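Below: one structure, written as structure tokens.
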Amino acid sequence: MSRFFSTRHSRLDAYTPGEQINSSWLIKLNTNESPFPPTARTNEYVARAADKANLYPELSSGRLRELLSEIYDVEPDNIFISNSSDEALDCSFLAFFDENNPVSFPDITYGFYPVFAELYGIPYNTVPLRDDFTIDYRDYLSIPGSVVIANPNAPTGIAMKRDEIEQIIRSNPDRIVLIDEAYIDFGGESCVPLTKKYDNLIVTQTFSKSRSLAGARLGFAIASKEIILDLETIRYSTNPYNVNRLSVAAGTAALEDNEIYMQRCRQIIATRERITHELCAMGFEILPSSCNFVFARNAAMGGKELYLELRRRNILVRHFDQPRISDFLRITIGTDSQMDTLIAAVKEILTEAKQ
Ligand SMILES: *Cc1c(COP(=O)(O)O)cnc(C)c1O
């Protein structure tokens, strides 16, 4: 730390992303990216946009917004387009939570929520998951303050029912309920339709997981027009050109090819079910996943040890050294062939451990 760093931030405990090692010999199953490259249309649109990279991007991202509005059946002005869904979350924390508007979220969830809260001096409260790692919606009914929930939750992968979330939204009409749907395309029930009914709901989504664009950094929020205007005020107060021309082009191509991406999601789901079966047969406990990853533990070996053994075999998964979940590994669902390699490696590791 330099001697100039504001004392306001001197104790910030920043978010720790999963390792980003991009080597061809490594099977990367640690940050829930899509194993499939973007479609051919992406190259074409990005190349065209690159020709105009001397010009600032269009402020409204018109065509991208139109396509989102068609796919999600909301008006264009119900959409906030952001440089990643992390940015949509960031703007929401900055816009709606403060000393007088504390925020609650589960004790085990996306690690960025407490970081945003710390950054902006927002008091926060963590609500323990049940012993089976599910969220009890009753814990959030009329809770004093706003609520942030990842649905499906990460890293557990477990989804809540839309009805349960609706009860939370209804019980806190004067506070924001923010639902982070980063993994919604892999099986959960989206709350986007509820944004028409409740003016205190924000839903965020991302192009990073289901649409193969983690490298493009593109996300969005859907909410009432008034909430979107507030988010736009934050955007115009920090970075009006928050999404770049190339990413907007890539996102537009992804939405024009939406059917291809949704088909790939179904393929990932099928692979997830197969892998769940195979890991269970090897003695793993797997939480019921609605995501493009599984959260798994094996009584025969600790999470850290299994993580290290897999790493020695050039397979990277995610281990969280934190209470309640240190026995688990979060394993991204890759291609069938990547998963076959994983299964073979796990078998070998467990067999060796037994000897
Ligand atoms: C990956 C992830 C995000 C962030 O997505 P980006 O759009 O890549 O920033 C947000 N929330 C959860 C729960 C995630 O897992």
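The values are calculated or read from the model by the stated rules, or taken from the named source; none is laboratory data. Model, not experiment: these values are computed from the prediction. Backbone-built Cβ (ideal geometry, glycine too); neighbour counts: all protein chains shown. The accessibility values were calculated without ligands, DNA or RNA, using every heavy atom of the protein model including side chains. Shrake-Rupley method; radii C 1.70, N 1.55, O 1.52, S 1.80 Å.
Would you check if Val127 is more than 16 Å from the ligand (Cβ to nearest atom), under 20 Å from the mean Cα position of the chain (by Cα) and closer than 25 Å to Asn292 by Cα? Yes.
Show the residue pairs meeting these rules: Cβ distance below 9 Å; 6+ apart or different chains; first residue within the range 84-101 and modelled with pLDDT under 95 and open to solvent by 10 Å² or more (accessible area, probe 1.4 Å); second residue more than 8 Å from the ligand (Cβ to nearest atom) and not in a loop (DSSP other than H, G, I, E, B). Between residues of the range 84-101 that are modelled with pLDDT under 95 and open to solvent by 10 Å² or more (accessible area, probe 1.4 Å) and residues that are more than 8 Å from the ligand (Cβ to nearest atom) and not in a loop (DSSP other than H, G, I, E, B), the close pairs are Asn101/Ser146. Considering (1) within 13 Å of the ligand (Cβ to nearest atom); (2) touching a residue at least 60 places away in the same chain (Cβ under 8 Å); (3) aliphatic (A, V, I, L, M), the lone condition that Ile176 does not fulfil carries the number (1).
Only one of these is on the phi > 0 side of the Ramachandran plot and in contact (Cβ under 8 Å) with a residue 24 or more places away in the chain: Phe133, Phe186. Name it. Only one candidate qualifies: Phe133. Scanning the range 1-34 for residues that are out of contact with any Leu (no Cβ under 7 Å at 6 or more places or on another chain), closer than 13 Å to Glu118 by Cα and open to solvent by less than 100 Å² (accessible area, probe 1.4 Å) gives His9, Ser10, Ala14, Tyr15.
Sort through Leu64, Leu55 and tell me the only one that's touching a residue at least 40 places away in the same chain (Cβ under 8 Å) and exposed (fewer than 10 other Cβ atoms within 10 Å of the Cβ). Unique residue meeting the criteria: Leu55. Scanning the range 48-84 for residues that are part of a loop (DSSP other than H, G, I, E, B) and under 14 Å from Ile234 (Cβ atoms) yields one hit, Asn83. Each residue in the range 200-241 was checked for being farther than 21 Å from Ile184 by Cβ and either touching a Pro at 6+ places or on another chain (Cβ under 9 Å) or not in a loop (DSSP other than H, G, I, E, B) (or both), and 12 of them qualify.
Yes or no, residue by residue, for (1) closer than 30 Å to Leu342 by Cβ; (2) away from the ligand (no atom under 15 Å from the Cβ); (3) not in a loop (DSSP other than H, G, I, E, B):
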{"position": "Leu12", "(1), (2), (3)": "no, yes, no"}
{"position": "Gly18", "(1), (2), (3)": "yes, no, no"}
{"position": "Asn32", "(1), (2), (3)": "yes, no, no"}
{"position": "Arg41", "(1), (2), (3)": "no, yes, yes"}
{"position": "Tyr45", "(1), (2), (3)": "no, yes, yes"}
{"position": "Asp86", "(1), (2), (3)": "yes, no, yes"}
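The condition of being in a strand (DSSP E or B), without any contact (Cβ under 8 Å) to a residue 40 or more places away in the chain, open to solvent by 40 Å² or more (accessible area, probe 1.4 Å) and among the basic types (Lys, Arg) holds for only one of Arg297, Arg311, Arg266, that being Arg297.
Check the range 228-249 and report whether any residue there is touching an Asp or Glu at 6+ places or on another chain (Cβ under 7 Å) and farther than 30 Å from Leu350 by Cβ. Within the range 228-249, one or more residues are touching an Asp or Glu at 6+ places or on another chain (Cβ under 7 Å) and farther than 30 Å from Leu350 by Cβ.
Quick check: is even one residue across the range 115-138 open to solvent by less than 40 Å² (accessible area, probe 1.4 Å), in a strand (DSSP E or B) and out of contact with any helix residue (DSSP H, G or I) (no Cβ under 6 Å at 6 or more places or on another chain)?
Of all residues in the range 115-138, those open to solvent by less than 40 Å² (accessible area, probe 1.4 Å) come to 115-117, 122, 127, 129, 133-136.
Of the ones still in play, those that are also in a strand (DSSP E or B) are 127.
Adding the requirement that they be out of contact with any helix residue (DSSP H, G or I) (no Cβ under 6 Å at 6 or more places or on another chain) leaves none.
Checked against the condition, which is being open to solvent by less than 40 Å² (accessible area, probe 1.4 Å), in a strand (DSSP E or B) and out of contact with any helix residue (DSSP H, G or I) (no Cβ under 6 Å at 6 or more places or on another chain), the range 115-138 yields no hits at all.
Can you find, within the range 185-199, the residue that is surrounded by the most Cβ atoms within 10 Å (Cβ to Cβ) among those that are of a type in the set (D, E, K, R) and in a helix (DSSP H, G or I)? Restricting to residues being of a type in the set (D, E, K, R) and in a helix (DSSP H, G or I), the top hit is Asp185.
Check the range 106-121 and report whether any residue there is among the small types (Gly, Ala, Ser) and within 16 Å of the ligand (Cβ to nearest atom).
The answer is yes, given that some residue of the range 106-121 is among the small types (Gly, Ala, Ser) and within 16 Å of the ligand (Cβ to nearest atom).
Restricting to the range 324-355, count the residues that are assigned to a loop (DSSP other than H, G, I, E, B) and of a type in the set (D, E, K, R). Qualifying residue count for the region: 2.
Among the residues of the range 20-30, the ones that are assigned to a loop (DSSP other than H, G, I, E, B), farther than 28 Å from Arg245 by Cα and not hydroxyl-bearing (Ser, Thr, Tyr) come to 4 in all.
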